[in-house]
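Each remark here refers to the structure printed beneath this line.
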Amino acid sequence: MGPSGSGKSTLMHMLGALDSPTFGPYLLDGKDVSTLSDDELANIRRDKIGFVFQAFNLLPRTTVLRNVMLPLVYAGIHGEEREKRAKKALFAAGLDENHFHHMSNQISGGQIQRVAIARALVNNPSLILADEPTGNLDSKTGEIVIGTFQKLNKELGRTIILITHEQDIAEHADRILFIKDGLLVEDRTTHKKRIVKNI
């Protein structure tokens, strides 16, 4: 958490191997990411990190299933295995099967965000980075999306790092980091974490 311009997105870009730190190491699974080549960074992003964006970034005239399968094309996964993994990720993100063949512009905002979460999950990453994933959603839909993240964390063991401006969203986390002017100013654990049902 932090005000606009505090460095939240910059930090997430570094954690996601999209930007390199100016100095100092960044260790991910024991590898110093700051020393890797562009190709090695692309492999890290493909294999270890899933991204969920506020703007969703789905292809609008493409089915839900094909949107989720797309990262597997780049990973070289073929045919039936690609579809099997995409369906598994969509179920894990809490989307009903009768939506799999809808175009992504034919479903609700909350469903679109679940598709984006499934796409982030499809390569089985250990780390999911979510940049304001509830920012374009109404409060009820936002709670459903947060419930999906909690399920992924508790049941599948995924680490979720989430940027938000909303204190009530942040309170669902185990730990909240506050950033101001590019500096970490507070690091606290939450004591009364609310559990949201995955509706």
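Structural remarks
- Simple spin-label estimate for Lys140 and Ala55 in nanometres, 7 Å along Cα-Cβ: 2.9
- Restricting attention to the range 8-189, close to 45% of DSSP beta bridges with both partner residues there are antiparallel.
- GNM flexibility winner over the chain from Ala93, Ala116, Ala42 (Cα, springs under 10 Å): Ala42
- The ellipsoid that matches the Cα gyration tensor of the chain has semi-axes, each √(5λ) in whole angstrom, of 27, 22, 14, with the longest given first.
- CD proxy at 222 nm, helix term only [per DSSP H run n ≥ 4: -39500 (n - 2.57); per residue of the chain; nearest 500]: -12000 deg cm²/dmol
- Take 165-171, 17-23 and order them by the average number of nearby Cβ atoms within 10 Å per residue, most first; the result is 165-171, 17-23.
- Exceedance of the 25 Å cut-off in Cα-Cα distance is limited, within the set Lys84/Lys154; Lys8/Lys48; Lys8/Lys88, to Lys8/Lys88.
- The gain in end-to-end length when the Asp19 to Asp168 segment is fully stretched comes to 50.7 nm, 0.36 nm per residue minus the alpha carbon separation.
Throughout, read-outs are computed from the coordinates displayed, never taken from laboratory work. These numbers come from a predicted model, not from an experiment. We place every Cβ from the backbone using ideal geometry, glycine too, and count neighbours over all the protein chains shown.
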